[in-house]
1. Which condition number in (1) small (Gly, Ala, Ser); (2) within 13 Å of the ligand (Cβ to nearest atom); (3) part of a helix (DSSP H, G or I) is the one that Gly290 fails?
2. If you go through the range 199-222 one residue at a time, do you hit one that is aromatic (Phe, Trp, Tyr) and either over 24 Å from the mean Cα position of the chain (by Cα) or farther than 30 Å from His388 by Cβ (or both)?
3. Answer yes or no: is there a residue in the range 173-183 that is touching a residue at least 24 places away in the same chain (Cβ under 8 Å), away from the ligand (no atom under 16 Å from the Cβ) and either on the phi > 0 side of the Ramachandran plot or touching a Lys or Arg at 6+ places or on another chain (Cβ under 6 Å) (or both).
4. Of all residues in the range 262-287, how many are surrounded by fewer than 20 Cβ atoms within 10 Å (Cβ to Cβ) and more than 16 Å from the ligand (Cβ to nearest atom)?
5. Would you confirm whether any residue within the range 97-112 is within 26 Å of Gly391 (Cβ to Cβ), in contact (Cβ under 8 Å) with a residue 60 or more places away in the chain, assigned by TED's automatic domain parsing to the domain that holds Arg183 and of a type in the set (Gly, Ala, Ser)?
6. Any idea which residue in the range 55-79 is surrounded by the fewest Cβ atoms within 10 Å (Cβ to Cβ), counting only those that are touching a Pro at 6+ places or on another chain (Cβ under 8 Å) and at pLDDT 90 or above?
7. Among the residues of the range 256-285, which ones are within 19 Å of Ala222 (Cβ to Cβ) and in contact with a His (Cβ under 7 Å, 6 or more places away or on another chain)?
8. Examine the range 201-208 for a residue that is among the aromatic types (Phe, Trp, Tyr) and at pLDDT below 95, and state whether such a residue exists.
Amino acid sequence: MTSSSTAQPAADAPLSIGALAVTRHLLAHGPATRGDLGDLLRVSSASMSRLARALVEEGLVAENAEPVPGVGRPRQILSVVPGARHVAGCKITGNRAYGVVCDMLGDVKATAQAALPARRADGSVPVAATVRVLTQLVTRLGRRVPSLDGIGVSLGGVVSDRSVVHEGTFLGWRDVDLATPLRERTGLPVVITNDVTALAREQLWFGAGRTHATFGVITVGAGLGFGVVREGHVVEQLIDNGHLLAHAPLDNHGPRCGIGHPGCVAAYLNRDDLESHASALAGAPVTLAGLIERKAAGDDTATTLIDNAARALGHLAATFAGALQTTRIVLAGEDIDTFAASPAMTETVADRLRAGSDETQRCRLDITVAPSSFHGWARGAAVTGIQHVLGAV
Ligand SMILES: [Zn+2]
């Protein structure tokens with residue numbers, strides 16, 4: 001392809017900053033007029049017309065006339081074309097890959113899943129065979145839409161440069177470049193992210209980010225995870241992988257977490273720690289599912305353990321909100337419903353917010369639970385992939 005200063009970018013080239021801002025606004029807030037977009041994004045009407053024309057020519061945005069009652073001239077409304085891009089998102093756990101394919105609006109068009117290869121003698125999951133599984137999964141998903149424009153993969157652990165799995169918590173991986181072989185096999189742009197970061201990215205465009213520029217995401221499942229969005233930007237890599245929040249002390253006389261802190265948040269809330277304390281008290285192995293059943297049957301010990309976990313979650317959410325200076329926290333993860341449903345969580349948050357008699361400032365936290373299926377996680381990966389394909393950082 002030849003290029004000149006007036007040529008349009010190639011179909012999958014990243015958008016200009018202005019075009020991306022327009023697209024992002026339309027995706028997050030729905031259709032709008034050129035005039036309203038220009039005002040909101042502080043762009044002159046001449047520049048707005050140029051951006052709109054470029055986006056329409058690229059097929060990302062449609063402009064349709066909307067009749068205005070009582071006025072002769074219809075309004076021109078810009079909206080995103082949902083099928084302009086399709087991206088596959090894959091969430092990798094310790095033994096399976098869950099895939100979805102999403103359109104521009106993050107709507108799921110198809111789902112699929114596959115088992116990961118058996119672990120090696122050293123406990124790690126073979127990388128090359130995993131790349132083959134992911135390639136096959138993406139190929140299956142790609143058949144369900146006109147064409148694929150990119151791939152997003154998310155997993156638990158530390159990811160650097162949006163491509164290298166520095167620490168794959170559930171896979172036994174260290175410094176594994178996952179993006180390069182996947183890109184070579186599929187010919188598509190690939191982005192690799194931490195799974196909670198991917199959820200934060202999805203929330204930024206299609207959830208909490210619609211109303212809050214700063215918010216936090218807490219996930220509770222196989223480990224505690226944290227996502228941070230500050231002033232509209234997702235923090236790509238946490239300085240401590242969430243360690244400081246997960247191991248914040250709550251009760252010096254409480255049970256010990258896996259690394260020996262007495263009564264830290266993880267000691268109560270982390271699934272492995274909770275199960276090991278429940279098992280020690282019962283004198284036999286107890287899973288979280290078993291604990292939930294016992295609570296439902298009226299077992300006092302199970303009720304106390306789950307309520308204590310919910311209390312730890314309330315403290316965690318309150319501390320996170322205070323440190324981040326936001327009123328918005330999103331909860332997610334496989335185990336979250338069990339703890340978020342306990343009144344102990346909301347009571348703890350309310351108590352943390354209770355003002356002293358001389359205090360005039362009142363604060364309210366907006367804490368909600370996001371859908372937490374594995375395909376929901378994969379949707380986070382797909383939305384990260386859409387943002388990557390469009391050139392968002
Ligand atoms: Zn701890």
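1. (2)
2. no
3. For the range 173-183, residues touching a residue at least 24 places away in the same chain (Cβ under 8 Å), away from the ligand (no atom under 16 Å from the Cβ) and either on the phi > 0 side of the Ramachandran plot or touching a Lys or Arg at 6+ places or on another chain (Cβ under 6 Å) (or both): absent.
4. 8
5. Checking the range 97-112: at least one residue is within 26 Å of Gly391 (Cβ to Cβ), in contact (Cβ under 8 Å) with a residue 60 or more places away in the chain, assigned by TED's automatic domain parsing to the domain that holds Arg183 and of a type in the set (Gly, Ala, Ser).
6. Filtering first and then ranking leaves Ser79.
7. Answer for the range 256-285, where residues must be within 19 Å of Ala222 (Cβ to Cβ) and in contact with a His (Cβ under 7 Å, 6 or more places away or on another chain): Cys257, Cys264, Val265, Ala266, Ala267.
8. Yes, because at least one residue in the range 201-208 is among the aromatic types (Phe, Trp, Tyr) and at pLDDT below 95.
The values are calculated or read from the model by the stated rules, or taken from the named source; none is laboratory data. This is a predicted model, so every value here is computed, not measured. Here Cβ is always computed from backbone atoms with ideal geometry, including for glycine, and neighbour counts include all displayed protein chains.
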